[in-house]
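The structure under discussion appears below in the form of structure tokens.
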């Protein structure tokens, strides 16, 4: 049975316990709500960090693209010929003729070509010439090479036979 007298004596304690329980329930609800918000903020932060990584990668690619654009600028014919003649001089190769070929326009770049006729004292000199052309800081590509041995006297077979060479050198330029 309910003892009203005891309830009357302990009513302050009962009210205090009820207030504490109610406060704990409210605090638990606030904690769960804040914890959910923190979780969503952490997830949002992770998403933003991932986006930042993608943007950084895009920035790096844009810098590389700008570098390539600077590399693939249209070259002046005289500058190209100066480079080729300088390399020929260093490798003991004699350039006999240079014939520019019409430029080919591609999607994002165009290709300029030159047909060059030269003489080389040996295969070694020819290989060195081609290697220096293709390894130059500007982009030059040797796409065709035709080699013929030319002897001063066809009856005499000698080790010192000049090579008559025709080759096609291409340069690429960004549009």
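Tabulated results
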item: Output for segment 85-126, where each listed residue is part of a helix (DSSP H, G or I) and under 13 Å from residue 166 (Cα atoms); result: 126
item: Residue among 48, 104, 66 that alone is loosely packed, with under 14 Cβ neighbours inside 10 Å, over 30 Å from residue 149 (Cβ atoms) and assigned by TED's automatic domain parsing to the domain that holds residue 144; result: 104
item: Of the criteria (1) surrounded by 10 or more Cβ atoms within 10 Å (Cβ to Cβ); (2) within 30 Å of residue 168 (Cα to Cα); (3) modelled with pLDDT under 80, which one residue 7 fails; result: (2)
item: Of all residues in segment 127-144 being under 14 Å from residue 117 (Cα atoms) and surrounded by 12 or more Cβ atoms within 10 Å (Cβ to Cβ), the one that is nearest to the chain's Cα centre (by Cα); result: 142
item: Condition met for residue 98 (surrounded by fewer than 17 Cβ atoms within 10 Å (Cβ to Cβ), farther than 30 Å from residue 66 by Cα and at pLDDT 85 or above); result: yes
item: Any hit, segment 111-119, residues being in contact with a helix residue (DSSP H, G or I) (Cβ under 8 Å, 6 or more places away or on another chain) and exposed (fewer than 15 other Cβ atoms within 10 Å of the Cβ); result: no
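The values are calculated or read from the model by the stated rules, or taken from the named source; none is laboratory data. The model shown is predicted, which means the values in this text are computed figures rather than measured ones. Note that we place each Cβ from the backbone using ideal geometry, even for glycine, and neighbour counts take in every protein chain shown.
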